[in-house]
Amino acid sequence: MPNEIDIINKFQEIANAPQQLSIFGNSSEHAQKVADHKNWLHSIRHEFPNPATSFKVGVYIRYFNQTRYEDYLAYHKKQFQDTINLCPNWTLVDFYIDEGATAPNMESAPEWSRLLNEAMEGKIDLIITQKVSNVSKKMHEVTLCARLLATHTPPIGIYFISEDIFTLASYYQNDIKDTFFLPSPDWKVLPEDTAPEYISDKGTPND
């Protein structure tokens, strides 16, 4: 049985690694929510991905070489490899690395898209990344992805290390499986010939 303390310490090293992007700022509402969330986690029985569970792991990295550290990307990848190696039931499938100095959007992240596709194909069932803002600057995008992956069969989890969020933890299930955003079972696509050719400047359809 792997030593969970060693694994937690390794994850903490990744959480404390130099941040490639600073999107929200230390005094932002996002930073305060992260601090409040961590305080809440300390008050309950905390869960993170079980090292005894078999996971096919995809590691997502958002990388921009603006640090003073030489070969930072290789060092960061080794951090993940060393951590995953402590879990004999985990298999590292691949690294998915998007580059960019600006705040990321999912539509401009080809490797994140590849990771999602391979997860949906059954190749990945645990995504690990350093922080939420690696994935998107839009929190509703992150939430939507987490919910869609959690309702997949079998469920696919995301572990955000810095925020210490594991989306398949039992205490998130009521929120993560809220499917209000999905269409009702009788929802149908409108036939194409019902769409107007164009809309007038008064906002009414024209033939």
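The values are calculated or read from the model by the stated rules, or taken from the named source; none is laboratory data. What you are looking at is a predicted structure, and each value in this text was computed from that prediction instead of being measured. Heads up, the Cβs are rebuilt from the backbone with ideal geometry, glycines too, and the neighbour counts pull from every protein chain shown. Each accessible area value is taken on the protein alone, full model and side chains, heavy atoms only, with ligands, DNA and RNA left out. Shrake-Rupley method; radii C 1.70, N 1.55, O 1.52, S 1.80 Å.
Out of L115, L149, one residue alone is among the hydrophobic types (A, V, I, L, M, F, W, C), in contact with a strand residue (DSSP E or B) (Cβ under 6 Å, 6 or more places away or on another chain) and modelled with pLDDT of 90 or more. It is L115.
For segment 143-158, the set of residues classified as open to solvent by less than 10 Å² (accessible area, probe 1.4 Å) and part of a helix (DSSP H, G or I) consists of A146, L149, A150, listed by residue number. When P110, P49 are screened for being closer than 18 Å to Y159 by Cα and either modelled with pLDDT under 95 or surrounded by fewer than 20 Cβ atoms within 10 Å (Cβ to Cβ) (or both), only P49 passes. Within segment 124-142, the set of residues being surrounded by fewer than 23 Cβ atoms within 10 Å (Cβ to Cβ) and within 18 Å of S170 (Cα to Cα) comprises just one member, D125. In summary, D82 fulfils each of the numbered conditions (1) modelled with pLDDT under 90; (2) loosely packed, with under 14 Cβ neighbours inside 10 Å with the single exception of condition (1).
Residue pairs whose Cβ atoms lie under 7 Å apart, sitting 6 or more positions apart in sequence or on different chains, and linking a residue in segment 147-159 that is free of Cβ contacts under 8 Å to residues at least 40 places away in the same chain to a partner that is open to solvent by 60 Å² or more (accessible area, probe 1.4 Å) and among the aliphatic types (A, V, I, L, M), are H152/M120. Selection over segment 113-122 of residues that are free of Cβ contacts under 8 Å to residues at least 40 places away in the same chain and open to solvent by less than 30 Å² (accessible area, probe 1.4 Å) gives a count of 0. For segment 161-173, the set of residues classified as open to solvent by less than 10 Å² (accessible area, probe 1.4 Å) and touching a strand residue (DSSP E or B) at 6+ places or on another chain (Cβ under 6 Å) consists of T167 only.
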